[in-house]
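Q: Would you mind keeping the following structure in view while I ask a few things?
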Amino acid sequence: MELTVLGGCGAWPTSTQGCSGYLVTCEGFRLLIDPGYATLPALLGHAGAEQIDAVLVSHGHPDHCADLNPLLRARALGGAGPARLPLYALPGALDAVLALDRHGMLADAWTLHEFTAGARFEIGPFTVDTVLLPHFVPNAGIRLTSPRGTVLAYTGDTGPSPQVPLLAQGADIFLCEATYPETVPREDAEHLLSARLAGRYAQQAGAAGLLLTHLWPGTPPEEALRAARATFRGPLAVAAPGQVLEVGAEVT
Ligand SMILES: [Zn+2]
């Protein structure tokens, strides 16, 4: 299982990177997780739009799913139309992005599989476990297990919850939202994480490596690293576009 970071910016994209977007490949299967704002150009640097086998979305905020629209356009309007793209998301999470084009225009381009948080299901070679985590809208924490047993755990966006370290238990890579380095502003404190708490959860979970993501635009990565280093003793990095990690090898 290999993880390619397409973008890791929270809220809105910057001149140098898109929002949340992760390509996970295994046995030739390409799973796109969270096609957030401005992640399609980065994705197209790694794979053609028609080569994506499935999309899995943690929650319906546009910084996690807006570029599903241009991805579907590229597949539907780009010539030899590939098979319908299977989309996996919580109920209603994709309603807005799937309604951007006129009714029916992209209807043949996708098949929607809505799941309930807590469900376990298969996507290609992956076993997917999900858990409801606290956010402004329903958000599914995602745990992918490869046929070889390697594990990638991803929070989507979440506030503090005892479910977070359970999601990441023994994960080879824990990809964790860390919008702020040290503390989350009080009004958002129930819905977002700090890098410091992400590190604590990774340590509790016994994760082999921690990849911080969804930093607020403009946050120096060193600040997030410093905050997480105070609570996590394992290998640690901030997700950056173009980064490719073998899940099971050391996070760098
Ligand atoms: Zn969100």
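Computed from the coordinates by the stated procedures, all read-outs in this text should not be read as laboratory data. The model shown is predicted, which means the values in this text are computed figures rather than measured ones. All Cβ positions, glycine included, derive from the backbone under ideal geometry; neighbour counts span all protein chains shown.
Q: Return the inverse of the average 1/r over all pairs of distinct C-alpha atoms in segment 56-144, which is the Kirkwood hydrodynamic radius, in Å to one decimal.
A: 13.8 Å
Q: Oh, and also: If you average the sequence gap of Cα pairs under 8 Å that are 6 or more apart and divide by the length of segment 1-96, what percent do you get for the contact order?
A: Relative contact order comes out at 23 percent.
Q: Relative contact order for segment 115-231 using alpha-carbon pairs under 8 Å, separation at least 6, rounded to a whole percent?
A: With pairs under 8 Å counted, the relative contact order is 21 percent.
Q: Could you please rank C65, C176, placing first whichever residue has the fewest other Cβ atoms within 10 Å of its Cβ?
A: The fewest-first ordering by Cβ neighbours comes to C65, C176.
Q: Using 0.36 nm per residue of separation minus the Cα-Cα distance, give me the extension gain between Q204 and D95 in nm, one decimal.
A: Extra length available between Q204 and D95 comes to 35.6 nm.
Q: Which distance in nm do the two modelled labels at A107 and R186 give, with both placed 7 Å along the Cα-to-Cβ direction?
A: 5.1 nm
Q: Further question on the same structure: As an exercise, identify the trypsin sites (Lys or Arg not before Pro) in segment 144-252 lying in DSSP coil whose Cβ has no more than 14 other Cβ atoms within 10 Å.
A: Filter output for segment 144-252: R148, R233.
Q: Quote to one decimal, in nm, the extra length available between E2 and E50 on full extension: 0.36 nm per residue of separation minus the C-alpha distance between them.
A: Difference between extended and current length: 15.4 nm.
Q: Kindly state, to the nearest 0.05, the FRET efficiency for E246 paired with E223, given R0 = 35 Å and r defined as their beta-carbon distance.
A: E(calc), rounded to 0.05, equals 0.80.
Q: Run a plain Debye calculation on segment 81-131 (Cα atoms as equal point scatterers, no solvent) and give log10 I(q)/I(0) at q = 0.13, 0.17, 0.27, 0.32 Å⁻¹, rounded to two decimals, same order as the q list.
A: So the normalised log intensities work out to -0.37, -0.61, -1.09, -1.26.
Q: Using the Karplus curve 6.51 cos²θ - 1.76 cosθ + 1.60 with θ = phi - 60°, what ³J(HN,Hα) values do you get for each residue of segment 136-152, in whole Hz, with x for Gly and Pro?
A: Once θ is set to phi - 60°, the couplings for segment 136-152 become 5, 10, x, 9, 9, x, 10, 10, 9, 10, 7, x, 7, x, 6, 10, 10 Hz.
Q: Working only with C-alpha atoms, what are the Rg and Dmax values of segment 142-187, expressed in angstrom?
A: When restricted to Cα atoms, segment 142-187 yields Rg and Dmax of 12.3, 42 Å.
Q: In a Debye calculation with equal point scatterers on the alpha-carbon sites of segment 116-252 and no solvent, what is log10 I(q)/I(0) at q = 0.11 Å⁻¹?
A: With one equal scatterer per Cα and no solvent, log10 I(q)/I(0) is -0.35.
Q: Give the percent of DSSP beta bridges with both residues in segment 18-175 that are antiparallel, rounded to the nearest 5.
A: 60 percent
Q: Which semi-axes, in whole Å and largest first, does the equivalent ellipsoid of the chain have when worked out from the alpha carbon gyration tensor as the square roots of 5 times its eigenvalues?
A: Gyration-tensor ellipsoid for the chain: 28, 19, 17 Å.
Q: Could you tell me the relative contact order of segment 40-173? Use alpha-carbon pairs under 8 Å, at least six residues apart, and round to a whole percent.
A: Result for segment 40-173 is 20 percent.
Q: Whole number please: convex hull volume per residue, Cα atoms of segment 10-87, in Å³.
A: Normalising the Cα hull of segment 10-87 by residue number yields 89 Å³.
Q: Label E122 and V137 with points 7 Å out from Cα along Cα→Cβ: what is the distance between them in nm?
A: 3.1 nm
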